[in-house]
Amino acid sequence: MIASHLLAYFFTELNHSQVQRIDKYLYHMRLSDETLQEISNRFRKDMEKGLGADTNPTASVKMLPTFVRSTPDGTEEGNFLALDLGGTNFRVLRVKVADNGSKKVEMENQIYAIPEDLMRGSGVQLFDHIAECLANFMDQLEIKDQKLPLGFTFSFPCSQTKLDEGWSQGRFEIQYSKVETNYSPRSWVAESVLVTWTKGFKSSGVEGRDVVGLLREAIRRRGDFEIDVVAVVNDTVGTMMTCGYDDHNCEIGLIVGTGSNACYMEEMKNVELVDGDEGRMCINMEWGAFGDSGCLDDFRTEFDAAVDENSLNPGKQRFEKMISGMYLGEIVRNILIDFTKRGLLFRGRISERLKTRGIFETKFLSQIESDRLALLQVRSILQHLGLESTCDDSIIVKEVCTVIARRAAQLCGAGMAAVVDKIRENRGLDSLKITVGVDGTLYKLHPHFSTVMRETVKQLSPKCEVTFLQSEDGSGKGAALITAVACRIREAGQH
Ligand code: GLC
């Protein structure tokens, strides 16, 4: 309930009927235990649908096989480059992986901006820009004359295909394909075809194309350096790998940042899209698309619908749009406008700034709940948005932020509960101990997100003991680790 107890003590202006009205509007965003259980059950069904060969084509949760079949064994070493595209920042990294018993990973990285017009311009321009940043980074480190192996964390849905043999060694195996390209005739890398752009990207001519090919072509157009692209990974997979390096129980990766998604180790016999029944394979679930079939419609609100309709990809990534950093601020902004129109906020006056899309940043949700002087914080944020607020306004805005972040964390927990329970059932266990590697700005910055999510998982899957391990730079380091393993395997395969 809205902080009525608080109001009773301190504020008299916000009267009982106002509290009731606000509660009525927020009611649909407070998810009951039964609702969460129901969402978790539906999520589980959609996982099965995505895994089945016959049902996959019409499934919204695509359950993409990654051909990553286990986790690093700690014997990898060398110098690698990594690119990380798809989160808050675009980064280029140099990673040194040491095999001196200390499992040491050292990194240097540089953040580069991707201007909005490049995110939505032509694919050629986007990849030229990526190649330019890479060249700049290599110049700085004076390594342009070296042909280093590179891992590409490309955090978008990619359909990866194994065209040829795979190798295995130790705990880790990646199935690689021998792909003929006009640039590097026999390079060992799986083909990674972009299924659809998500989040803020919409470059033309990339969907349906192999992103490694596009990167190689851009580097060739420049002609001033060479690179050995060895692996393309999703950020969830990179995060699972990074945490798996330290914790062998880590078989799930989760991202709650600009977007949201998870991956986990599934039994090969259940992965109908890939031949073979032995062992396990990491599945990039692309869980953000849950609900695109309409199965979440009874829990979505008019505010979710508005955010979806005004996004770059209407109708798509509906679960993600209720959870992740790119959208939560927008949901709050839509609610604030609605409440103001109803005369419940800001004396009924909407500022011009509040009408601007994206102006209410998701980081405000974290700030508002982090501060002990929360109401002052809310006030200064509202002032920045050109809104003259009273104390009551601040209380209401804070409550809206709390409800939206809590719902996001619970939804994430409901998805995660379905995943851990599936893994437990897969293994025929009464109880399962498992670790989830997690990364993403929202998860890291929001003061209550992780607690609420953990509580939800505990409540919905009581037979699983789940540890959440925050990854230190999972996506970048993960790409380098996968590259390291791929190189080790490749070298072993060449002898
Ligand atoms: C989006 C992407 C997905 C990625 C996630 C987190 O959902 O489609 O590939 O893992 O964002 O960055």
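Read-outs: derived from the displayed coordinates by stated rules, not from any lab. Everything numeric in this text was worked out from a predicted model, so none of it was measured. So basically every Cβ, Gly included, is an ideal-geometry build from the backbone, and we count neighbours across all protein chains shown.
Here are a few things to note about the model shown:
- Here the Karplus relation 6.51 cos²θ - 1.76 cosθ + 1.60, evaluated at θ = phi - 60°, turns the backbone of segment 313-323 into coupling constants of 9, x, x, 10, 6, 5, 5, 4, 6, 9, 10 Hz, with x for every Gly and Pro.
- Within the same chain, lysines fewer than 8 places from Lys316 are excluded, and of the rest, those with a Cα less than 18 Å from its Cα are Lys49, Lys62, Lys199, Lys202.
- Seen from every direction in turn and averaged, the convex hull around the alpha carbons of segment 353-458 projects onto 7.9 nm².
- The chain - charge dipole about Cα centre, Lys and Arg +1 at Cβ, Asp and Glu -1, debye rounded to 20: 1020
- Alpha carbon convex hull of segment 104-163, projected area averaged over orientations, nm²: 6.5
- Sequence-separation-based contact order of segment 349-486, relative, with Cα cut under 8 Å and 6+ spacing, percent: 25
- Whole-number percent relative contact order across segment 362-428, with pairs defined as alpha carbons under 8 Å at least 6 apart: 27
- Unpaired Cys in the chain, meaning no second Cys C-beta under 4.7 Å: Cys133, Cys158, Cys263, Cys282, Cys295, Cys391, Cys401, Cys412, Cys464, Cys487.
- For segment 179-323: rounded, prolate or oblate by the Cα gyration tensor [a/c cutoff 1.5]: oblate
- Gyration tensor (alpha-carbon) shape descriptor, segment 199-277, a/c threshold 1.5: prolate
- Karplus-derived 3J(HN,Hα) values for segment 81-95, using 6.51 cos²θ - 1.76 cosθ + 1.60 with θ = phi - 60°, are 10, 9, 10, 10, 10, x, x, 5, 10, 9, 10, 10, 10, 10, 10 Hz; glycine and proline are entered as x.
- Ordering 331-340, 297-306 by mean Cβ neighbour count within 10 Å, with the highest value first, yields 331-340, 297-306.
- Within straight-line cross-link reach of Lys144, lysines at Cα separation under 19 Å, skipping those fewer than 8 residues along the same chain: Lys96
- Other-chain or far-sequence residues with amide H under 5 Å of Val229's (modelled H): Leu150
- Global form of segment 215-255, assessed from the alpha-carbon gyration tensor, a/c cut-off 1.5: prolate
- Beta bridges by DSSP in the chain, antiparallel share as percent, to the nearest 5: 60
- Extent along the principal axes, Cα only, for the chain: 79, 53, 44 Å, with the longest axis given first.
- Helical runs (DSSP H, four residues minimum) scored at -39500 (n - 2.57) apiece and divided by the length of the chain put the mean residue ellipticity at 222 nm at -13500 deg cm²/dmol.
- Remark: segment 270-277, residue by residue, has Karplus-estimated 3J(HN,Hα) of 8, 8, 6, 7, 10, 5, x, 10 Hz, where x stands for each Gly or Pro and the curve is 6.51 cos²θ - 1.76 cosθ + 1.60 at θ = phi - 60°.
- Loop-located GluC sites (Glu not before Pro) in segment 78-146 (DSSP state other than H, G, I, E, B) with a sparse environment of at most 16 neighbouring Cβ atoms within 10 Å: Glu142.
- For the chain: relative contact order, % (alpha-carbon pairs under 8 angstrom, 6 or more apart): 20
- 14 Å beta-carbon shell around Val452, net charge (K/R +1, D/E -1): +2
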